[in-house]
Structures are given as structure tokens and as C-alpha cells.
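The values are calculated or read from the model by the stated rules, or taken from the named source; none is laboratory data. Remember, it's a predicted structure, so these values are computed and weren't measured experimentally. Cβ placement follows ideal geometry from the backbone for every residue including glycine, while neighbour counts extend to all protein chains displayed. Protein only, heavy atoms only, side chains kept; ligands, DNA and RNA dropped before computing areas. Shrake-Rupley method; radii C 1.70, N 1.55, O 1.52, S 1.80 Å.
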Amino acid sequence: MDKINLLDLTLNQLETFFVSIGEPKFRAKQVFRWVHVYGVIDFNSMTDIAKSLQTKLNDIAYICIPEIYSEHVSSDGVIKWVLKVDSLNKIETVFIPEDNRGTLCVSSQVGCALECQFCSTGRQGFNRNLSTGEIISQLWIANKKLRSNYKSDKVITNVVFMGMGEPLANYNNVLNAITIMLDNNAYNLSKRKLTLSTSGVIPGINKLRDDCPVSLAISLHASNDVVRNEIIPLNKKYPIVQLIDTCRSYIKSSPKNYITFEYVMLKGVNDNLEYAKELIDLVQGLPSKFNLIPFNSFPNSGFESSSRNQIVKFQRILQEAGLITTIRKTRGDSIDAACGQLVGNVKDKTKRQEKWGTIKII
Ligand code: SAH
Ligand code: SF4
């Protein structure tokens, strides 16, 4: 029998596992808390577990945390970890400290198959989905590292799925990881402080609304199908008006009373002030918050960021229409840890599908 990685399991699944091996259900909560609350992964160090059960667990189960390949600390305090998830592939996780919170930006896939033109991860290609354990490991590792640095238990207050990959294209593993992040016997995050960012996988957004609505961010980046089709190929499958309608439905279940729209500012592509006006019409009646992101460059991207002046003008138009609009501060740029700059190391990129249309989305 193959050994099972207990890091892949939610508390419910762990309870089922313990019952299936003839142990009482309450053992699951003990082990779950050792792993996720106390950061202990060696069964022999779980002192309230009988020796006989420790031996049994060593025989049939394990807890696998990826190796930290490198750690980079930026002058602004941002930390990037490169994690080795198998002998060929590496992913990236970024911690962003702010005055009143600490945000961890996690990856959901090795690379990304959706090929958004302005995104370095997309340009890398795609190899595979991350398992639940590999997603939750990012939080486990960051917690462990930061607790010793900061001498505090609650350093990570927020988690955003804005690292490598499209989280809704790896739905089941992401949902399991979210369930563990929210569990009060694990990381005890609130749904408001857990944000999933998607390029617009409509069936996935609907499923998330029904299964576990957390805060939602949409990578919008355009105000109409013509421009969006150019820079986000997935838009051809899930057009912009349908996407906004899906958000209208999501908001009824959302823990936040608005949807966040991310808009990367690309000079001469999507930054015409007419587009700002189009955006106002597009989201009419939908409580929205806009986050304008100066484009973070990477080699051979073929794009340039809009000027500061243009971004401010764009912001003003949205604000005058009553839309809360912020300009995202670029953090971690000096260590290539800013939005869209995460590349990891994606070997065997051939797993990118011929066409995004053939990808199994959820
Ligand atoms: N796949 C998901 C989550 C990861 S990307 C998504 O697309 O939403 C996180 C955010 O960074 C997205 O809004 C993405 O569009 C943005 N982004 C990608 N490349 C960027 C770049 N070069 N500069 C600035 N933002 C970028
Ligand atoms: Fe994938 Fe998001 Fe990058 Fe698009 S922006 S390629 S969906 S990671």
C-alpha cells in the first residue's frame, strides 16, 4: 500500500482516514493541530499520541514539506521563497509585510497554461497542478520561518492566491487548501482575509460561490472583449459581460461586500481614458474596487507600463464615478517577486495544452 501524505487532507478527510485504520476520530484533530498549529511533522514528536500509534503512522503515512531551494529578502522587507516541489520543478511564494498586516501570496500550479500575454508565469508554460499538500506547505513553511524571525505567532494575517498559476484550474486541491487555511484547528484565517484571484474561469467562480465563498479578485485588465481577447486568451471562452454577470451573482455570497478588479496598466494597450469610462458602464450597479497595477516588466515581454501620469488620470475617472480605485505599490521588485514576475522553474513545459480551450478547467 502506498503511504499517504497527511498534508493533503482536510480535518474531515483526516477523520475518515483515522476511522479507516481503526483509530478513534479524535486522533485526527490531535495530529491536525500538531501539524498546522504547532508546525510539528514528526509523528514521534507528537507527545499525546501513543507510541504504538506513532509506529503505525510511520508505517502507513508521512508528511511531506517541499525543500526550500532559496530565500530572497528585498530591501522593502518582502521575502520570496523558491520551493522545490519535485526533482524538476520549483515554485515561488512571497510574503509582503505591511504596517497592520502580513500577506502571503501562494502559488497553485507549476507554471500556468492560460498564456496571458503580460504575465511571466504564463510565458513559462505549464507542467502540473500543485497538490493540496504543496499549496498548504507554502503557508506552513512561511509561518515557521516568520515565527522565528518576528518572534510572533500571528505574522500572516492574509493569504492571496496570486502567485504562480490559475487557482480555479486546480479547483479541488485549491478548495481543500482553502478549507485547511480557514479551519480553526489549523490556520484560522477568515474568509475576508483569504482572497482568490482568477483570470475569469466562470464555472469555477460559480462553484466557489456554492462551496466556500472567499474574497474574490478578478484579473480584468480590459473593459471590452476586443482588448481582453488580445491579452487574456481565456476571454474568448468566457467573455467579459458574462464574467461581470458571474460576479453579480458571487457578491450575494461573498464575505466582502465588493469584488476587487485588478487592472494591469499597459501603455497603449488598455490605458486609453475611454476605457476607464467603459469600465464604469461595465460594472454599473456592482459594488467594485479597482486596483490599478503598474506593469512589472520581465525580459522580452513586449509591453511597457503606462506612465504614472496616465495611471493617475485613469484612476481619477474611476474615482469621479464613485469607484474606489487604488494604485498598487510595487513591492519586491528588486528580487523579482512582484505580481506577474514569478517564474519558479517549470521543467517539461510541454504539458501546456495545444489550446487553452482544451484545458480541464475545474
Ligand atoms: N492566475 C490568477 C492569479 C495569479 S496572477 C490571475 O490571473 O488572477 C496575480 C495577478 O498579477 C493577476 O492580476 C495578474 O493579472 C497580475 N499580473 C500578471 N502579470 C503581471 C505583470 N507583468 N505586471 C503586473 N501584474 C501582473
Ligand atoms: Fe496564468 Fe494568471 Fe498569469 Fe494569466 S495572469 S498566465 S491566469 S498566472
Select, from Ser301, Ser334, Ser297, Ser307, the only residue that is under 23 Å from Cys116 (Cβ atoms), surrounded by fewer than 16 Cβ atoms within 10 Å (Cβ to Cβ) and assigned by TED's automatic domain parsing to the domain that holds Thr121. Ser307
Taking the range 1-22 and keeping only residues that are outside any helix (DSSP H, G or I) and open to solvent by 70 Å² or more (accessible area, probe 1.4 Å), one is left with Met1, Asp2, Lys3
Taking the range 97-109 as the search range and keeping residues that are crowded, with 22+ Cβ neighbours inside 10 Å and either at pLDDT below 95 or of a type in the set (A, V, I, L, M) (or both), which one is farthest from ligand 1 (Cβ to nearest atom)? Leu104
List the helices (runs of 4 or more DSSP H) that sit entirely inside the range 210-329 and contain at least 1 residues that are among the polar types (S, T, N, Q) and in contact with a strand residue (DSSP E or B) (Cβ under 8 Å, 6 or more places away or on another chain). 308-320
Assess whether Ile79 counts as being assigned by TED's automatic domain parsing to the domain that holds Leu189 and closer than 30 Å to Leu342 by Cα. yes
